[in-house]
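The values are calculated or read from the model by the stated rules, or taken from the named source; none is laboratory data. For clarity, every value in this text was computed on a predicted model and none was experimentally measured. Positions of Cβ are generated from backbone atoms using ideal geometry, with glycine treated the same way; all protein chains shown enter the neighbour counts.
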Amino acid sequence: MGMLPLVLMFVVLYFVMIRPQMKKQKEQRSMIDALAKGDEVVTAGGLIGKLTKLGDSYVGVELAAGVEVQMQRTAVVQVLPKGTLK
């Protein structure tokens, strides 16, 4: 009977913290795997640009006309809807 509160706290911790975190990581991983050339993205640093080159672990992002940077795929945090950049 003394172990019941400890087990109950672990179950609550799992459903409140651990499970949502794993779901978010899975969604992030699938978004990174689905990146395609021409996608408009937001990076971890807050930069917005269009993907121009895709590699296994790096992507090329065009920030402005003629300005392209190379960064890790994991630095991409969000894919924007088409036409966001003008």
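Lys24: assigned by TED's automatic domain parsing to the domain that holds Lys86, of a type in the set (D, E, K, R) and over 18 Å from Lys82 (Cβ atoms), yes or no?
Answer is no for this residue.
Quick one: how many residues across segment 28-48 are surrounded by 10 or more Cβ atoms within 10 Å (Cβ to Cβ) and farther than 17 Å from Thr84 by Cβ?
Number of matching residues: 4.
Output the residues belonging to segment 41-68 that are within 18 Å of the chain's Cα centre (by Cα) and of a type in the set (A, V, I, L, M, F, W, C).
Val41, Val42, Ala44, Leu47, Ile48, Leu51, Leu54, Val59, Val61
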